[in-house]
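*Asks:* Sharing a structure below in structure tokens format, with a few things to ask.
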Amino acid sequence: MPPSALAPPVARWNISGNEAAGQGAVRGGVRFVAAYPITPASEVLEWLAPRLELLGGSLLQAEDELASINMIIGSSFGGVPSLTATSGPGLSLMVEGLGLAVASETPVVVVNVQRGGPSTGIPTKSEQSDLNIALYGLHGDAPHLVLAALGIRDCVDTVEWAVGLAEHLQTVAIVLSDQMLGQSRAIIDPPGTRAFGAGEKPHLQRLIAQDADPDHRRYRPAPDGVSPMALPGLPGGMYTAEGLEHGAGGTPSSRAIDHAEQLGKRLHKLTGFDYGPSWAEIRGEGDHLLLTWGSSAGPVFEAAERLRDSGTPTRAIALRLLAPLQRDALLKAIGSAGSILVVEQNQTAQCFAYLHSQRALPAHARSYARPGPLPLRPAEIMRALIGSHTREET
Amino acid sequence: MDTAIVTPTLRAKDYKSEVAPVWCPGCGDFAVLSAVTKALAHLKLPKERVAMISGIGCSSRLPAYVDAYGFHGIHGRALPIASGLKAARPDLTVIVAGGDGDGFSIGGNHFLHACRRNMDLTYIVMDNEVYGMTKGQASPTTQPDWAKSKLTPHGTGMRPFLPTAIALAAGASFIARGFAGDPNGLTKLLVEAIEHPGFAFLQVLSPCQTFRPEQKEWKHLVHPSDMAPTDDPVEAARFIQADDGMALGLFYVRRLPVWQPHNQPTATPADLEREFAL
């Protein structure tokens, strides 16, 4: 068939991960962003600034990250889906505000473009070492969502999904990207019109109280834990959003019964939700298994493909939804793999330790973790999987 | 058919919620709460169009006591929460309330930048020169030789923070001082502050009966400002520097550009995607 007879190709996109994260945000409905510049996340914010205005939204440059996180809590309280982007040091400053968003059930999204840490670390190079703070940084029992983009194109879908989940579940979503995704540019096939394909998930949006209910109680327990949110302007819906523990109406309370009820509400609305199949990307079949998260998906998928091509059947799993961990689905995907290697770009095997703490890994699983700034390469992953496996056999 | 909306006239007490204040008997903050409800009634503001925003501290409990939308946030962050809300919802009347520790110590950076950003917000600081909720430590406005806190047995040794001077230097467009013991004057200042287009800073001397009982004397020390409100920052600076901290009234008011979003909705997310196409 001559080339002219082929259907005209869909135009491919030239995009960076940070631009893709911004595109995911506006697709998800974000119309307010508060911003404090930081390497390597600033391009997310700079991309959004003029474009939010074209969409009827706005961006406000904050005096620091303490302000930016609390600004988006304020705008989201006003009913506007809201997001900020930062990197490790900024995330450290934001965690108290994230706890407020969890306790007050105010949806917000933080895109954390990871860089080498700790402290100022290596601002211009990549590392996956902020998983622990994303999972465990908040004080108290503060359940929230942690997601990780698996590639440049996936920044669009994962951020869009995170916005929808945060809005629907009235909670915090932290999306982990990193310098390598954020500041790299690639030619990609355009993402679908909805994250992970239309119809795959219910339409995710905030449950807003629609009319004056004389018995409106903002934090009233509901079967799925999600209670309607009255927005300023709705007569009869007045309440005070609270960071203090509170009863169903929002009045501060230190009673054990209220604490138990509200803690349960905030946890179960996340753990009881059906996240569908997008919690991970799974490729290939085999007795060998590479398990990873975030941007390491790229070299891991390539390593698995090369192993399969050379006659070593290898499955690869890349986690997109890290919290709440989809443990049952993960154990099913791991199956009876004989050789399991958890791959990540940090010193202390943060994901490996997390998965073990959740009893989501068989005892024979091994870790391949090393810090940045050098990117992970497929060859070292193949050596780590096969090399030691071979030793075990001898 | 004409469907004009009739708003029933609300009285001050209609703006009070059913939540009982946690404040000590005799706390100046009761008078501030009263003045807030009187000002809202005077301005005939529908309850659902008002948002009261605060951080943490005794005075930061105020939003729950007003029958309006409210956010009781975290220590020091009332102004950012309010700024985000106002940027996203310019249609609302947003009033921020808090104390001297919340606003000038942990939240000091936000105070500076809220002044210079000049969003249309009203910021009431109930100043009692002490951290009350944590039981009596020196605050930024405490005199350097006040040695009654176990935390600073020799006093702070630091010159007090001058809220009105700093607000002026940082670019606030409305600076006034009221007194909890002068409810009528306070209500009048609050009405002016809410009506002012821009960032209105209102310091309210609000005595703490528990940890600063000597502040009972404030009622004898306060006096009306002897300067008419000025729009000249040089004149205002001279007055504020010579002020004994007890002058009451509106000191400075000036029309300055108000921060507001520049949005012009002309595109959809799909339109934005075209820029990526090869």
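*Asks:* Write out the trypsin sites (Lys or Arg not before Pro) in the range A:4-109 meeting two conditions: DSSP loop, and at most 15 other Cβ atoms within 10 Å of their Cβ.
*Replies:* On the way: sites: A:ARG12, A:ARG27, A:ARG31, A:ARG51; in loops: A:ARG12, A:ARG31.
Answer by residue number: A:ARG12.
*Asks:* If we count other beta carbons within 10 Å of each Cβ, what is the order of A:TYR219, A:TYR275, fewest first? Write down the numbers at each step before the final one.
*Replies:* Numbers: A:TYR219 24, A:TYR275 16.
Least crowded to most crowded, the residues run A:TYR275, A:TYR219.
*Asks:* Here's another thing I want to ask about it. What percent does the relative contact order of chain A come to when contacts are Cα pairs within less than 8 Å and at least six residues apart? Mind showing how you got there, number by number?
*Replies:* Working: 829 pairs, mean separation 61.8, N = 394.
About 16 percent, as a whole number.
*Asks:* For the range A:56-63, take each phi angle, set θ = phi - 60°, evaluate the Karplus expression 6.51 cos²θ - 1.76 cosθ + 1.60, and give the result in whole Hz per residue in order, putting x for glycine and proline.
*Replies:* x, x, 7, 10, 10, 7, 8, 7
*Asks:* Now for a different question. Can you list the lysines whose alpha carbon is less than 30 Å from that of A:LYS265, not counting same-chain residues fewer than 8 positions off?
*Replies:* List returned: A:LYS201, A:LYS332, B:LYS16, B:LYS47, B:LYS86.
*Asks:* What is the Cα radius of gyration of chain B over 2.2 N^0.38 Å, N being its residue count? Walk me through the numbers on the way to the answer.
*Replies:* On the way: Rg = 20.0 Å, N = 278, 2.2 N^0.38 = 18.7 Å.
Compared with the compact-globule rule of thumb, chain B sits at 1.07.
*Asks:* Could you tell me which of rounded, prolate or oblate describes chain A, using a ≥ b ≥ c as the square roots of the eigenvalues of the alpha-carbon gyration tensor, with rounded for a/c under 1.5 and, failing that, prolate when a/b is larger than b/c and oblate otherwise? Don't skip to the answer; put the middle values down first.
*Replies:* Working: a/c = 1.78, a/b = 1.47, b/c = 1.22.
Cα axes put chain A in the prolate bin.
*Asks:* Inside 10 Å of the C-beta atoms of B:47-53, what's the mean count of C-beta atoms belonging to other chains? Could you put the intermediate results ahead of the total?
*Replies:* Working: counts 4, 10, 3, 2, 8, 2, 5.
The mean count of partner-chain Cβ atoms within 10 Å per residue comes to 5.
*Asks:* In deg cm²/dmol and to the nearest 500, what is the mean residue ellipticity at 222 nm of chain A if only DSSP H runs of at least 4 residues count, each as -39500 (n - 2.57), divided by the residue total? All intermediate terms of the calculation are to be shown ahead of the outcome.
*Replies:* Details: 13 runs with 139 residues, N = 394.
Using -39500 (n - 2.57) per qualifying helix, the result is -10500 deg cm²/dmol.
*Asks:* Using DSSP to call loops (not H, G, I, E or B), can you name the trypsin sites (Lys or Arg not before Pro) in the range B:36-81 whose Cβ has at most 15 other Cβ atoms within 10 angstrom?
*Replies:* Details: sites: B:LYS38, B:LYS44, B:LYS47, B:ARG49, B:ARG61, B:ARG77; in loops: B:LYS44, B:ARG77.
Those that pass, being in a loop and sparsely packed, are B:LYS44.
*Asks:* Shifting gears a bit: How large is ³J(HN,Hα), in whole Hz, for each residue of the range B:227-234 in order, when computed from phi with the Karplus curve 6.51 cos²θ - 1.76 cosθ + 1.60 and θ = phi - 60°, using x for Gly and Pro?
*Replies:* Result, ordered by residue: 10, 5, x, 10, 10, 9, x, 5 Hz.
*Asks:* With no solvent and one point per C-alpha, what does the Debye sum give as log10 I(q)/I(0) for the protein assembly as shown at q = 0.05, 0.06, 0.08, 0.10 Å⁻¹?
*Replies:* Debye curve over Cα of the protein assembly as shown, log10 I(q)/I(0) at q = 0.05, 0.06, 0.08, 0.10 Å⁻¹: -0.27, -0.38, -0.65, -0.93.
*Asks:* Let me check against my output: what whole-number percent is the relative contact order of the range A:74-120, with C-alpha pairs under 8 Å and at least 6 apart? List each step's numbers first, then the result.
*Replies:* On the way: 42 pairs, mean separation 24.5, N = 47.
Relative contact order here is 52 percent.
*Asks:* Next up: Given charges of +1 on the Cβ of Lys and Arg and -1 on the Cβ of Asp and Glu, with all other atoms neutral, how large is the dipole of the protein assembly as shown about its Cα centre, in debye to the nearest 20?
*Replies:* For this selection, approximately 480 debye.
*Asks:* Along the principal axes of its C-alpha atoms, what lengths does the range B:81-140 span, in descending order and rounded to whole Å?
*Replies:* 39, 19, 14
*Asks:* To continue, here is another question. Taking H placed 1.01 Å from N in the peptide plane, check which residues at least 5 places from A:GLU245 or on another chain put their amide H under 5 Å from its amide H.
*Replies:* Here A:SER253 satisfy the definition.
*Asks:* Then there's this: Counting other beta carbons within 10 Å of each residue's own, what order do A:LEU290, B:LEU205 fall into, fewest first? Don't skip to the end; give the middle numbers.
*Replies:* Working: A:LEU290 31, B:LEU205 26.
Listed from fewest to most nearby Cβ atoms, that is B:LEU205, A:LEU290.
*Asks:* Give the aspartates and glutamates reachable from B:LYS148 as a straight Cα distance under 15 Å; neighbours fewer than 8 places away on the same chain don't count.
*Replies:* Correct list for B:LYS148: B:GLU129, B:GLU214.
*Asks:* Give me the percent of DSSP beta bridges within chain A that run antiparallel, rounded to the nearest 5.
*Replies:* Numbers: 12 of 49 bridges.
Taking every DSSP beta bridge with both residues in chain A, the antiparallel ones total about 25 percent.
*Asks:* Moving on to the next point. Below 8 Å, C-alpha to C-alpha, sequence gap of six or more: please give me the relative contact order for chain B in percent. Spell out each step's value before the answer.
*Replies:* Details: 571 pairs, mean separation 47.5, N = 278.
The value is 17 percent.
*Asks:* Among A:VAL172, A:VAL80, which comes first, second and so on when ranked by fewest other beta-carbon atoms within 10 Å? Could you put the intermediate results ahead of the total?
*Replies:* Details: A:VAL172 29, A:VAL80 21.
The order, fewest Cβ neighbours first, is A:VAL80, A:VAL172.
*Asks:* Then there's this: Net charge near A:ALA316, counting Lys/Arg +1 and Asp/Glu -1 over other residues with Cβ under 14 Å of its Cβ? Don't skip to the answer; put the middle values down first.
*Replies:* Details: positive: A:ARG283, A:ARG306, A:ARG308, A:ARG315, A:ARG320; negative: A:GLU281, A:GLU285, A:ASP287, A:GLU302, A:GLU305, A:ASP309, A:GLU344.
Net charge in that neighbourhood comes out at -2.
*Asks:* Could you tell me whether the range A:135-183 comes out rounded, prolate or oblate from its Cα gyration tensor? Rule is a ≥ b ≥ c as square roots of the eigenvalues, rounded for a/c under 1.5, then prolate if a/b exceeds b/c, otherwise oblate.
*Replies:* Details: a/c = 3.76, a/b = 1.52, b/c = 2.48.
Oblate.
*Asks:* When a/c reaches 1.5 or more, the comparison of a/b and b/c decides; with that in mind, is the range B:108-224 rounded, prolate or oblate per its Cα gyration tensor? All intermediate terms of the calculation are to be shown ahead of the outcome.
*Replies:* Numbers: a/c = 2.41, a/b = 1.45, b/c = 1.67.
In terms of gyration-tensor shape, oblate.
*Asks:* Could you name the lysines in cross-link range of B:LYS150, using Cα to Cα under 20 Å and dropping any fewer than eight places away on the same chain?
*Replies:* Cα-Cα hits under 20 Å: B:LYS135.
*Asks:* What does the charge add up to near A:LEU93, with Lys and Arg as +1, Asp and Glu as -1, over the other residues with Cβ less than 14 Å from its Cβ?
*Replies:* Details: positive: B:ARG77; negative: A:GLU63, A:ASP64, A:GLU65, A:GLU96, A:ASP130.
Local charge sum for A:LEU93: -4.
*Asks:* Follow-up question, since we're still on this one. Output ³J(HN,Hα) for the range B:191-205: one whole-Hz value per residue in order, computed from phi by the Karplus curve 6.51 cos²θ - 1.76 cosθ + 1.60 with θ = phi - 60°, and x for Gly and Pro.
*Replies:* 4, 5, 5, 5, 6, 5, x, x, 7, 9, 9, 10, 7, 10, 6
*Asks:* Looking only at other chains, what is the average number of their beta-carbon atoms within 10 angstrom of each beta-carbon in B:256-263?
*Replies:* Values: counts 0, 0, 0, 1, 1, 9, 6, 9.
Average neighbour count from other chains, rounded to a whole number: 3.
*Asks:* Now a separate question. In the neighborhood of A:THR106, defined by Cβ-to-Cβ distances under 15 Å, what is the net charge if each Lys or Arg adds +1 and each Asp or Glu adds -1? Intermediate results must be reported in sequence, preceding the final value.
*Replies:* On the way: positive: A:ARG206, A:ARG218, A:LYS265, A:ARG266, A:LYS269, B:ARG77, B:ARG89; negative: A:GLU96, A:GLU105, A:GLU167, A:GLU242.
Local net charge: +3.
Bear in mind that the values in this text are calculations on the coordinates, not laboratory data. Everything numeric in this text was worked out from a predicted model, so none of it was measured. Every residue, glycine as well, gets a Cβ built from its backbone with ideal geometry; the counts of neighbours run over all protein chains shown.
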